[in-house]
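Structure first, commentary second.
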């Protein structure tokens, strides 16, 4: 789990965080026809709440998505992730680029 200062603070940062860390099979499953919201609340939604620091005081992200409680936040984040995946057909390439090691900045 990332340190508190590394939690995403905006919805686009949260989408990028999920894109980078969730398994490809999970991301592909999100693109399938709609499933029951409860399926995501307890499985993937719990992962989102735990890994994005929503239970650890990530108030900036809660405020950014206008949610009062961590339980209310995972739905909008997952909706934004699905919208991103549908809009960007090259999401697998984007994911690889996000996961690529950063080159050293030393000369």
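Quick notes
- Residues (free of Cβ contacts under 8 Å to residues at least 60 places away in the same chain and surrounded by 13 or more Cβ atoms within 10 Å (Cβ to Cβ)) located in region 11-27: 13, 17, 21, 22, 26
- Within region 89-107, the set of residues being surrounded by 13 or more Cβ atoms within 10 Å (Cβ to Cβ) and modelled with pLDDT of 90 or more comprises 91, 92, 95.
- The number of residues in region 52-61 that are touching a helix residue (DSSP H, G or I) at 6+ places or on another chain (Cβ under 7 Å) and either under 12 Å from residue 17 (Cα atoms) or in a helix (DSSP H, G or I) (or both) comes to 3.
- Of all residues making up region 62-84, the number that are assigned to a helix (DSSP H, G or I) and either touching a residue at least 60 places away in the same chain (Cβ under 8 Å) or under 14 Å from residue 45 (Cβ atoms) (or both): 14
The values are calculated or read from the model by the stated rules, or taken from the named source; none is laboratory data. Please read these numbers as outputs of a predicted model, since none were measured by experiment. For neighbour counting, all protein chains shown are included, and Cβ atoms are generated from backbone atoms with ideal geometry for every residue, glycine included.
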